[in-house]
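Engineer: Sharing a structure here in structure tokens format.
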Amino acid sequence: MDHKKDALPGEKLYRLVEESAMSLDLNQQHNLNKQIMEMLDSHTNVFWQDECEMTALHIAISWECLDLVKILMPYYKENIDIEAEGHTPLYFAISDYHSNPEIYFQIIELLLQNGADPYYQSRSWVEMPITLAQSYPKLIKLISSSAGCIKKINDYV
């Protein structure tokens, strides 16, 4: 993937995350992740969004990249419920849970530990993450035991 020299740092970070997530070469992933960490250390804007409002965190989650999610998480902690077309990172992780339960369980756990709100709903037509999770007893148990969970699960199950 060719990165424009004049690309905004936030966009470049996003593209590096995307490239690392799609790479099957572990050495390339390692090198890209190193570049990502350097950009994060230099206070690059992690909240840059593409035309679909996706951030680097949304991309890392969509591509099942637990290592990238761990790298990015500290930088999103204050704005963990950032939306991409009304969907939070937690929503993305729960909606894709069925495709790789082992990885997505860890991602969901990490998001919840960092303050993701399972009841977040910014638009009336968007389901809350907790609603998506009701088909998965293991996720309901995880969400109900998370520190940020205030409402009763029974209201949504």
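Engineer: How big is the charge dipole of the chain about its Cα centre, in debye rounded to the nearest 20, if each Lys and Arg gets +1 on its Cβ and each Asp and Glu gets -1 on its Cβ?
Structural biologist: Its charge dipole is roughly 480 debye.
Engineer: Could you check the spin-label model distance between ASP67 and CYS52? Points 7 Å from the Cα along Cα→Cβ, value in nm.
Structural biologist: Result for the modelled spin labels: 2.4 nm.
Engineer: Which GluC sites (Glu not before Pro) from region 15-100 combine a DSSP loop assignment with at most 10 other Cβ atoms within 10 Å?
Structural biologist: Those that pass, being in a loop and sparsely packed, are GLU51.
Engineer: Each residue of region 19-25 in turn: what ³J(HN,Hα) in whole Hz from Karplus with 6.51, -1.76, 1.60 and θ = phi - 60°, glycine and Pro shown as x?
Structural biologist: 5, 5, 4, 8, 6, 9, 8
Engineer: Positive end of the dipole of the chain, charges at C-beta (+1 Lys, Arg; -1 Asp, Glu), about the Cα centre: which of ILE107, LEU40, LEU16 has its Cα farthest in that direction?
Structural biologist: The Cα lying farthest towards the positive end belongs to ILE107.
Engineer: For region 42-136, which trypsin sites (Lys or Arg not before Pro) are in a loop by DSSP, counting at most 15 other Cβ atoms within 10 Å?
Structural biologist: The qualifying sites are ARG123.
Engineer: Can I ask one more? Between (1) 8.9; (2) 9.5; (3) 10.9, which entry matches mean projected area of the Cα convex hull in nm² as derived from the coordinates of this structure?
Structural biologist: (2)
Since every read-out is calculated from the coordinates, none of them should be taken as a lab result. Not measured: the values here are computed from a predicted model. Neighbour counts are summed over all protein chains in view; Cβ atoms, including those assigned to glycine, are modelled from backbone coordinates with ideal geometry.
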